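Worksheet: one structure, shown below.
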Amino acid sequence: MQTQKLAAEVPASSLRRGRRPRAFEMISAARTAHVIVDLQNGFVEPGAPVEVPSARLIMPNVNRIIREVRQSGGLNIFLRFTHDPGEAMPWIIPGTLRPGPKGELVRKAFARGTDYWQLAGDLDVGADDLILDKTRYSAFIPGTCKLQSVLEERNLDTVIISGVLTNCCCESTARDAMQLNYKVVFVEDANAALTDDAHNGTLDNLAALFADVVSTGELIESLALSKDAEKSGLGQRDQSQPGDCQR
């Protein structure tokens with residue numbers, strides 16, 4: 001697992017103001033989606049084409065969040081990075097940026113149906129959870145993933161981000177979610193990158209402008225409080241419509 005360290009100029013990830021560990025006044029557990037990004041064999045297994053060793057270390061935290069979201073009435077959505085040369089919008093730029101045998105190995109590894117493309121076996125995937133494929137780094141690119149339509153159909157307004165890589169697909173998805181008017185919660189010890197510097201650079205970027213950056217423990221506590229508030233009828237309801245561009 002990465003060592004989390006926010007830059008000094010980022011005020012404790014803009015989160016821990018006063019007694020509140022979160023930037024948002026209240027999130028509704030029932031309107032929250034936990035988006036688990038690309039925890040697939042091709043990233044998690046030892047010796048995999050894009051092995052991220054720390055991905056194996058975050059798995060207990062990811063599963064802890066999965067179970068809490070499930071018990072709180074939220075939705076777990078597992079994303080699979082997918083190479084699909086036959087898609088309606090073929091993605092040609094990666095072949096230019098990563099030419100040669102290494103790039104081709106990665107593309108073949110994440111072709112739909114391969115073993116490396118499958119979700120990691122240690123994940124706690126439940127019968128009511130969703131699995132969505134995406135063919136871009138961000139899950140919000142139109143025509144390449146159904147994530148946004150799922151969130152809109154279920155009237156969800158908050159996304160929790162965990163998975164790999166912190167500084168690629170996780171950051172890309174978090175940034176786009178915020179710009180589509182979703183509340184974004186990025187879990188610092190449930191995301192993994194190849195280096196501490198890459199991981200912490202993303203935490204600095206997101207904490208400054210895009211997301212709540214919290215620990216797994218802080219998130220679990222917040223979800224429990226939200227669930228209790230909703231049961232007692234004290235939960236605040238946000239009438240904004242994520243995904244809408246409002247002037």
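Taken together, the values in this text are just the output of simple stated rules run on the coordinates, not laboratory data. As the structure is a computational prediction, the values presented were derived from the model and not from experiment. So basically every Cβ, Gly included, is an ideal-geometry build from the backbone, and we count neighbours across all protein chains shown.
Subtracting the Cα-Cα distance from 0.36 nm times the residue separation, let me have the gained length for D196 to L57 in nm, one decimal. Can you show the working numbers first?
Working: separation 139, 0.36 × 139 = 50.04 nm, distance 1.36 nm.
Length gained, D196 through L57: 48.7 nm.
What's the extension gain from A224 to A208 if we count 0.36 nm per residue and subtract their Cα-Cα distance?
The span from A224 to A208 would gain 3.2 nm if fully extended.
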Checklist outcome for this item: With label points set 7 Å from each Cα along the Cα-to-Cβ direction at N181 and E45, the distance between them in nm comes to 4.3
Checklist entry - Straight-line reach from K183: which aspartates and glutamates have Cα under 12 Å away, leaving out those fewer than 8 places along the same chain? => result E25, D157, D212, D238
Next on the checklist: Straight-line reach only, C-alpha to C-alpha below 16 angstrom: list the lysines that K134 could link to, leaving out same-chain residues fewer than 8 apart.
Outcome noted: K108, K146
Next on the checklist: Cβ neighbours within 10 Å, averaged per peptide: list 110-122, 70-82, 32-44 in order, most packed at the top.
Outcome noted: 32-44, 70-82, 110-122
Next on the checklist: Please state the shape class of region 108-247: rounded when a/c is under 1.5, otherwise prolate if a/b exceeds b/c and oblate if not, all from the C-alpha gyration tensor.
Outcome noted: rounded
Next on the checklist: Can you compute the modelled spin-label distance between T114 and W91, with each label point 7 Å from Cα toward Cβ, in nm?
Outcome noted: 1.4
